[in-house]
1. For a quick check: with amide H placed at 1.01 Å from N, whose amide H comes under 5 Å from A163's, ignoring anything fewer than 5 positions away on the same chain?
2. As a test of reading the structure, rank K125, K38 by solvent-accessible area (1.4 Å probe, protein chains only), most first.
3. Label points 7 Å out from Cα along the Cβ direction at D100 and A155: separation in nm?
4. At q = 0.09, 0.12, 0.15, 0.17 Å⁻¹, what log₁₀ I(q)/I(0) does a Debye calculation on the Cα points of the chain give, no solvent, two decimals?
5. Could you work out which residue, out of I44, I62, I105, moves most in a Gaussian network model of the chain, that is, has the largest mean-square fluctuation with Cα springs under 10 Å?
6. Is it possible to state the helix-based mean residue ellipticity at 222 nm for the chain, with each DSSP H run of 4+ residues giving -39500 (n - 2.57), the sum divided by total residues, to the nearest 500 deg cm²/dmol? What is it?
7. For E198 and S37, compute 0.36 nm times the residue count separating them, minus their Cα-Cα distance, and round to one decimal in nm.
8. Return the sequence-ordered ³J(HN,Hα) values of the stretch 183-198 in whole Hz as given by the Karplus equation 6.51 cos²θ - 1.76 cosθ + 1.60 applied to θ = phi - 60°, using x for Gly and Pro.
Amino acid sequence: MAEKTAIVTGASRGIGRAIALELAGKGYKVILNYCGSKQAAEEICAAGGQAKAVQCDVSDYIACETFISNIIKEEGRIDVLVNNAGITRDGLLMKMSEEDFDAVINTNLKGCFHCMRFVSRQMLKQRSGRIIKLSSAASKAGVIGLTKTAAKELASRGITVNAIAPGFINTEMTEVLSDAVKEGARGQIPLGHFGRPEDVAKAAAFLA
């Protein structure tokens, strides 16, 4: 296929890393947004693909504007945005601090808005684009509403907006949970096993 550019946020590990690798395997030039490790970008390049890692805090409006505008200047287009970046501050309602609640909303929900806000102008110029969001945790429920609204607004210009809502996926983020919690979650899954990051990555590649 003609060279296309995809941005994947939160691509250091887990689902984001798997999505970046999957899209690179499909021929996309992948821009990996990360806070931790650049290893996934190095893996893609070592395998003959095209990738670049750029550090950016998606909860920061100005940082996202700079991040996206630089990509447009360098690449000339953005074909796919995968809003994957997310954090957890799990806890009981009565024990959760306002700071923890705000941190989750700022990354998981506002982070989606920030990135979508700045890629949409370029996609409108192109009259094409794919925006994909990950909406798994309860804190990301707002992402569903954002997805529906944006999908209606942008569809007539050839831009699709979708959300993927994974179940329990085996990642570093879920590895820290106790065996009791894992077994409890497994008991609620009809197939009796957890998903893999690659399963979600293939769904994202389909939507892209």
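1. Correct list: K133.
2. In descending accessible area the options line up as K125, K38.
3. Here the modelled spin labels are 3.9 nm apart.
4. Relative scattering, expressed as log10 I(q)/I(0), comes to -0.34, -0.60, -0.94, -1.19.
5. Ranking I44, I62, I105 by mean-square fluctuation puts I62 first.
6. The per-residue figure over the chain is -14500 deg cm²/dmol.
7. Taking E198 through S37 to full extension adds about 56.1 nm, to one decimal.
8. 5, x, 5, 4, x, 9, 9, x, 6, x, 8, 7, x, 10, x, 5
The values are calculated or read from the model by the stated rules, or taken from the named source; none is laboratory data. All values reported here derive from a predicted model rather than from experimental measurement. Heads up, the Cβs are rebuilt from the backbone with ideal geometry, glycines too, and the neighbour counts pull from every protein chain shown. We work out accessible area using only protein heavy atoms, side chains counted, and drop any ligands, DNA or RNA first. Shrake-Rupley method; radii C 1.70, N 1.55, O 1.52, S 1.80 Å.
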